[in-house]
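One structure is given below, encoded as structure tokens.
The values are calculated or read from the model by the stated rules, or taken from the named source; none is laboratory data. Keep in mind the model is a prediction, meaning the values are calculated, not measured. Positions of Cβ are generated from backbone atoms using ideal geometry, with glycine treated the same way; all protein chains shown enter the neighbour counts.
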Amino acid sequence: MIRKLSALSKFETEMVLKDKGIFVFTLLFPTVYFLVTAFTGSRSLSPANFVQNVPGFWTYMVLVGVINQITSAIVTMRENNFLKMFTFIAGDKRLIYYANLIPQVFVIQAEILIFDVIAAIVYRADFRTLTLMLICWLANFIIIPIIAFFTSLILIVPVKVQTMGALMTGYLFLGLFLAYVQTNSLVVNTLMAVINPGSFIIRAYELLLPGANNVVAYLGILAVIAILYAIAGNVIVTKMSLNSATARA
Amino acid sequence: MQITHFDFTLPDERKLYDDLNANFADHKVNVLLGPNGAGKTTLLDFISTVAPRPAQCFTGFPTFKRIAYQLQGVPFLPEATVYQTFKLVMAIENPKKRFAVDELPTELAALANTQFGKLSGGQKRLVIIETISHLNRDLYLFDEPESGLDPQMARQVVAKIHQLTKRGKKVIMTAHQFQNINSDDYQLHFLEKGKIRFTGTPTDFLKAQQTDDLVEAYIKQAKFVS
């Protein structure tokens, strides 16, 4: 099983590195926007303002990366029969899913790392800020798969490729919008983190930022949500149809 | 491998299979014939378990993991070279062995470094068939394997499929072409209007339709049903 996964992941990595287009949405767009707002905004570019600006960009990059490079990729693979073909070859569709997920986690992390280097230069990051960036970056190795499992809910909806783009764009904007709906209520914030992956990411970063409130309570809640996402995601991947949404049977 | 009393209705309420019964021979190449839309590919989907296979209707078929299925279309990544694709399949099939470029089947050696997306339709089909044939499974399903191939390549592909039965493998394929179905090593199954209307060797089929040409026999059978 592990060897099969390793062979598939290696192949997937080779293919991912051939496609430079993925960097446009996940890295180039937010970086350009970040630079424009940084140099035209009224806020000073100090480490103190860093924690208020940069986590939003990380959230965007994780969400867009997961949606475009993992969840949409699986839908496209299903629609063009690649998923079906390679599931027959590999013997288990979960292998195909994980073989896509693993290299994409590293690709998204590479994109965030490049962004972080730029952000660190722009904000003249001090040692404390750099440490914070590193901790959040390392946390992404857990956050990205969890968000991928959550967004895999889309895999059970009979979505056609043509409608996928529109659906994902709407999902992304709604997710990001809701991520910034913040209250002091633990219940509301928990509910938001359950239904919205954007809120989950923001809450997770907030736990790592200085001055976080209710750390133990939120950590427990996010851990439970993460486990539920992981279970649900794996069940969905196991049960999802190999057939295209346009297939007869 | 048997299908008994199988019914299936499409979402548009059209009955695709109506008390369908079929008996597939273990040591012959089973060829599923029938007009477009008769449900040949969908039947392969059920046999392969891509569509849920009702256990009470399908008996003697291997499980999902023991089936290889060549799909219609070109379901390999266009960016991957023929060697990369083949190497991946061999790595999955035999994870302990490193696959070298000179181990590619002769037919694919010249295409080793060509991206799958840049191959002609026929070459793509050849790569898929070669790849599928190298998997070690009990049952092989081929959906129109000759489609889009020139006569020489089509003969090569059918010969390759035929070899599988010589290795003790079970084979079911769909077809619209008959020039290579030239011996009684093939078992024909004519599917139309929800049922298998004929099962037998090409010789039986010709005898039943009183002709010596398989295409003519096919047309006569189709007319008889309609």
Kindly list the number of the only condition in (1) surrounded by fewer than 19 Cβ atoms within 10 Å (Cβ to Cβ); (2) within 11 Å of another protein chain (Cβ to nearest Cβ); (3) charged (D, E, K, R) that fails for B:Asp138.
(2)
Might you check whether a residue that is farther than 29 Å from A:Lys239 by Cβ, among the β-branched types (Val, Ile, Thr) and not in a helix (DSSP H, G or I) occurs anywhere in segment B:38-57?
no
What pairs come up if the first residue lies in segment A:95-121 and is under 23 Å from A:Val75 (Cα atoms), the second is part of a helix (DSSP H, G or I) and among the aromatic types (Phe, Trp, Tyr), and their beta carbons are under 6 Å apart, counting only those six or more places apart or on different chains?
A:Ile96/A:Phe86
If you go through segment B:77-93 one residue at a time, how many are more than 7 Å from every other protein chain (Cβ to nearest Cβ) and either hydroxyl-bearing (Ser, Thr, Tyr) or surrounded by 22 or more Cβ atoms within 10 Å (Cβ to Cβ) (or both)?
6
How many residues does segment B:196-226 hold that are β-branched (Val, Ile, Thr), surrounded by fewer than 19 Cβ atoms within 10 Å (Cβ to Cβ) and assigned to a strand (DSSP E or B)?
1
What number of residues within segment A:61-85 satisfy the criterion of being free of Cβ contacts under 8 Å to residues at least 60 places away in the same chain, more than 8 Å from chain B (Cβ to nearest Cβ) and either on the phi > 0 side of the Ramachandran plot or buried (at least 23 other Cβ atoms within 10 Å of the Cβ) (or both)?
2
Any chance B:Ala51 is aliphatic (A, V, I, L, M), touching a helix residue (DSSP H, G or I) at 6+ places or on another chain (Cβ under 6 Å), within 13 Å of another protein chain (Cβ to nearest Cβ) and surrounded by 14 or more Cβ atoms within 10 Å (Cβ to Cβ)
yes
Failed condition for B:Lys193, given (1) surrounded by fewer than 19 Cβ atoms within 10 Å (Cβ to Cβ); (2) in contact with a Gly (Cβ under 6 Å, 6 or more places away or on another chain); (3) of a type in the set (D, E, K, R):
(2)
Across segment A:1-30, which residue is nearest to the chain's Cα centre (by Cα) among those that are within 11 Å of chain B (Cβ to nearest Cβ), assigned to a helix (DSSP H, G or I) and of a type in the set (A, V, I, L, M)?
A:Val16
Quick test of your reading of the structure: B:Gln115 fulfils all but one of (1) modelled with pLDDT of 85 or more; (2) buried (at least 18 other Cβ atoms within 10 Å of the Cβ). Name the failing condition by number.
(2)
Would you be able to say whether some residue in segment B:12-22 is of a type in the set (D, E, K, R) and either crowded, with 21+ Cβ neighbours inside 10 Å or under 13 Å from B:Leu139 (Cβ atoms) (or both)?
no
Residues satisfying the stated conditions in segment B:1-20, i.e. farther than 17 Å from B:Ser48 by Cα and more than 14 Å from chain A (Cβ to nearest Cβ)
B:His5, B:Asp18, B:Asp19
For segment A:192-209, indicate whether the set of residues that are charged (D, E, K, R) and touching a residue at least 40 places away in the same chain (Cβ under 8 Å) is non-empty.
yes
B:Glu144 is checked against (1) under 20 Å from B:Thr42 (Cβ atoms); (2) modelled with pLDDT under 85; (3) of a type in the set (Asp, Glu) and fails just one. What number does that condition carry?
(2)
Among the residues that make up segment B:208-225, is at least one of them closer than 30 Å to B:Thr106 by Cα and out of contact with any Leu (no Cβ under 6 Å at 6 or more places or on another chain)?
no
Consider B:Ile128 carefully, then state whether it is of a type in the set (Val, Ile, Thr) and either closer than 19 Å to B:Gly37 by Cβ or modelled with pLDDT under 85 (or both).
no
Taking the criterion of being closer than 21 Å to A:Ile231 by Cβ and in a helix (DSSP H, G or I), would at least one residue in segment A:178-191 satisfy it?
yes
When A:Pro158 is evaluated against the numbered criteria (1) free of Cβ contacts under 8 Å to residues at least 24 places away in the same chain; (2) over 23 Å from A:Tyr60 (Cα atoms), which criterion, by number, is the only one it fails?
(1)
Residues in segment A:123-146 that are more than 13 Å from the chain's Cα centre (by Cα), surrounded by 16 or more Cβ atoms within 10 Å (Cβ to Cβ) and not small (Gly, Ala, Ser) total 5
Filter result (part of a loop (DSSP other than H, G, I, E, B) and surrounded by 13 or more Cβ atoms within 10 Å (Cβ to Cβ)) within segment B:94-112
B:Asn94, B:Pro95, B:Phe99, B:Leu104, B:Pro105, B:Leu111, B:Ala112
